[in-house]
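In what follows, a structure is listed as structure tokens, so that the remarks can point back to it.
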Amino acid sequence: MTDFASARLNMIESQVRPNGITDRRIIAAMEGIPRENFVPESRRALAYVDEDIPLQPADPAKGPRALIEAMAFARMLQHAAIKPSDKVLLVGAGTGYGAAVTAARGQLTVALESDPGLAAEARVNLANLV
């Protein structure tokens, strides 16, 4: 059984902080949001590895979908410089992890997902955070 709390802390200390992420709101959100709940059950043990995690089998017409590696996501979020009063539109929300972390930064986050299966997973995942 994987110790996800330790893996999450290790992700912060070995992937996020060493790569210049200094925004405490990003770090706090990533520490508090269980990333393992946003990946397919068969890949939960990989939730905190330093690479993209496939979310579903690739659709030949649309290509593969993945949960972006934590360090790259944290960098993009820090560069976005979202203020607490900002409203954010997240396109391509996948299973909702990015929306959950982003919501901890701004006033309002609206997440869009074109894949019905991923959108349904995101709704469940985000509802389970509350």
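Brief remarks follow.
- Residue within the stretch 2-22 that is among the small types (Gly, Ala, Ser), under 15 Å from residue 125 (Cβ atoms) and touching a residue at least 24 places away in the same chain (Cβ under 8 Å) present: no
Every residue, every condition in (1) within 21 Å of residue 6 (Cα to Cα); (2) more than 11 Å from the chain's Cα centre (by Cα); (3) of a type in the set (Ser, Thr, Tyr), yes or no:
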site: 36; (1), (2), (3): yes, no, no
site: 40; (1), (2), (3): yes, yes, no
site: 49; (1), (2), (3): yes, yes, no
site: 62; (1), (2), (3): no, yes, no
site: 67; (1), (2), (3): yes, no, no
site: 78; (1), (2), (3): no, yes, no
site: 82; (1), (2), (3): no, yes, no
site: 97; (1), (2), (3): yes, no, yes
site: 120; (1), (2), (3): no, yes, no
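- The single condition from (1) buried (at least 19 other Cβ atoms within 10 Å of the Cβ); (2) of a type outside the set (A, V, I, L, M, F, W, C); (3) free of Cβ contacts under 8 Å to residues at least 24 places away in the same chain that residue 48 fails is (3).
- Consider the stretch 71-91 and keep the residues that are in contact (Cβ under 8 Å) with a residue 24 or more places away in the chain and either among the basic types (Lys, Arg) or over 20 Å from residue 15 (Cβ atoms) (or both). The one that is least open to solvent (accessible area, probe 1.4 Å) is 82.
- Taking the stretch 51-60 as the range and being open to solvent by 60 Å² or more (accessible area, probe 1.4 Å) and either over 13 Å from the mean Cα position of the chain (by Cα) or aromatic (Phe, Trp, Tyr) (or both) as the test, the residues that pass are 57, 58, 60.
- In the stretch 28-40, the residues that are outside any loop (DSSP other than H, G, I, E, B), open to solvent by less than 50 Å² (accessible area, probe 1.4 Å) and free of Cβ contacts under 8 Å to residues at least 40 places away in the same chain: 36
- Positions within the stretch 105-125 being hydrophobic (A, V, I, L, M, F, W, C) and either in contact with a Ser or Thr (Cβ under 6 Å, 6 or more places away or on another chain) or open to solvent by less than 30 Å² (accessible area, probe 1.4 Å) (or both), in sequence order: 118, 119, 122
- In the stretch 41-63 there is at least one residue that is among the polar types (S, T, N, Q), under 25 Å from residue 127 (Cβ atoms) and outside any helix (DSSP H, G or I).
- Filtering the stretch 11-26 to residues that are of a type outside the set (A, V, I, L, M, F, W, C), in a helix (DSSP H, G or I) and surrounded by 13 or more Cβ atoms within 10 Å (Cβ to Cβ) leaves 14, 15, 17, 19, 25.
- For residue 75, the conditions (1) farther than 16 Å from residue 16 by Cα; (2) at pLDDT 95 or above; (3) among the charged types (D, E, K, R) are fulfilled apart from (1).
The values are calculated or read from the model by the stated rules, or taken from the named source; none is laboratory data. Predicted, not measured: the structure shown is a model, and the values here were computed from it. Positions of Cβ are backbone-derived with ideal geometry, glycine not excepted, and every protein chain shown enters the neighbour counts. Accessible surface areas use protein heavy atoms only, side chains included; no ligands, DNA or RNA. Shrake-Rupley method; radii C 1.70, N 1.55, O 1.52, S 1.80 Å.
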